[in-house]
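Trainee: Below you'll find the structure I mean.
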Amino acid sequence: MPDSSPVSRVAIVTGGGTGVGKAAALALAADGWKVAIAGRRMEPLEQVAAQAAAPGRVICVPTDVTDPASVEALFAATVKEWGRVDLLFNNAGVGAAAVPLEDLGLDQWKRVVDTNFNGMFYGIQQAFKVMKAQSPMGGRIINNGSISAYAPRPNSIAYTATKHGVSGMTKAAALDGRKYDIAVGQLDIGNALTELAAKMGKGVPQANGEIAIEPLMDVNVVGQSVLYMANLPLEANVLFHTVMATKMPFVGRG
């Protein structure tokens, strides 16, 4: 029988097999949440579930966020298992090759838009459908934005454009979710140490053309940020939360 208790605290984490998603899934599971970990490949999801060591409180759901039917199936599997969804960490995302925008292949552009923008919408839409229909009604959505939602890096037009778009979706969904007790916020992350961001510690292009090594922070700090937002009462919402390596080049001129 599905557990429909209002204290069950059920979360979905997309892109949960690696990096930020993994950190968030582990933080939520350690705090007692029931967590559906979603991602394209089953093996990394199972590794995260094993690390969580939370029997009966973690399920792995292979999901392609670029496919609306796959996202719908993710929510259906979670509701079948636990009866409701209290939190969506809308995290899955990809980048494109760091090349001049005039050289960016249209296939890469479409892949980034399909994942970071369309996939984000599919998750929001399914969360709304489930959260407005369940009892007690409501829940929380945390969208993974980025420092790139505010300031671009060189040669990053696809990633930057989609992350700016995520901010618009966050604001619109936060407004539309009010009548259903759905709180929608955004987590903007700067230089968390993941496989994707490891290159920052070796030197990356800056706006002035120089190559510079950038400071990084422990990715588990991001997991704690997700947990903080997740555990707020629904009467309160963090609309935008920025967590970043303190000395990374973002504030001011560097």
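The values are calculated or read from the model by the stated rules, or taken from the named source; none is laboratory data. Quantities reported herein were computed from a predicted structural model and do not represent experimental measurements. Positions of Cβ are backbone-derived with ideal geometry, glycine not excepted, and every protein chain shown enters the neighbour counts.
Trainee: Only residues that are in contact (Cβ under 8 Å) with a residue 24 or more places away in the chain, farther than 20 Å from ALA30 by Cβ and part of a loop (DSSP other than H, G, I, E, B): list them for the range 210-244, please.
Mentor: Residues satisfying the conditions are GLU214, PRO215, LEU216, LEU234, ALA236, ASN237, VAL238, LEU239.
Trainee: Which condition from (1) under 14 Å from the mean Cα position of the chain (by Cα); (2) among the aliphatic types (A, V, I, L, M); (3) modelled with pLDDT of 95 or more; (4) crowded, with 20+ Cβ neighbours inside 10 Å is the one that VAL243 breaks?
Mentor: Status for VAL243: all satisfied but (4).
Trainee: Another question, then. Could you identify the single residue in ASP64, ASP31 that is charged (D, E, K, R), within 17 Å of the chain's Cα centre (by Cα) and at pLDDT 95 or above?
Mentor: Of the residues listed, the single one that is charged (D, E, K, R), within 17 Å of the chain's Cα centre (by Cα) and at pLDDT 95 or above is ASP64.
Trainee: Oh, and also: Name the single residue, out of those in the range 195-209 being at pLDDT 80 or above and exposed (fewer than 11 other Cβ atoms within 10 Å of the Cβ), that is nearest to VAL219 (Cα to Cα).
Mentor: So, considering only residues that are at pLDDT 80 or above and exposed (fewer than 11 other Cβ atoms within 10 Å of the Cβ), the one nearest to VAL219 (Cα to Cα) is LYS202.
Trainee: Is there a residue in the range 129-145 that is in contact with a Lys or Arg (Cβ under 7 Å, 6 or more places away or on another chain), in a helix (DSSP H, G or I) and aliphatic (A, V, I, L, M)?
Mentor: no
Trainee: Same structure again: Do you know which of the residues in the range 29-61 that are in a helix (DSSP H, G or I) and touching a Pro at 6+ places or on another chain (Cβ under 8 Å) is surrounded by the fewest Cβ atoms within 10 Å (Cβ to Cβ)?
Mentor: Once the filter is applied, the top-ranked residue is MET42.
Trainee: So how many residues does the range 68-88 have that are within 13 Å of TRP33 (Cβ to Cβ) and hydrophobic (A, V, I, L, M, F, W, C)?
Mentor: 4
Trainee: I want to confirm something. Restricting to the range 87-112 and keeping residues that are more than 15 Å from the chain's Cα centre (by Cα) and buried (at least 17 other Cβ atoms within 10 Å of the Cβ), which single residue is farthest from THR14 (Cα to Cα)?
Mentor: That would be LEU104.
Trainee: For the range 155-170, check the following and say yes or no: at least one residue is crowded, with 20+ Cβ neighbours inside 10 Å, more than 20 Å from ALA92 (Cβ to Cβ) and charged (D, E, K, R).
Mentor: There is no residue in the range 155-170 that is crowded, with 20+ Cβ neighbours inside 10 Å, more than 20 Å from ALA92 (Cβ to Cβ) and charged (D, E, K, R).
Trainee: Anything in the range 71-114 that is of a type in the set (Lys, Arg) and in a loop (DSSP other than H, G, I, E, B)? List them, or say none.
Mentor: ARG84
Trainee: Which residues, taken from the range 158-203, are under 23 Å from PRO215 (Cα atoms) and in a helix (DSSP H, G or I)?
Mentor: Within the range 158-203, TYR159, THR160, LYS163, ALA198, LYS199, MET200, GLY201 qualify.
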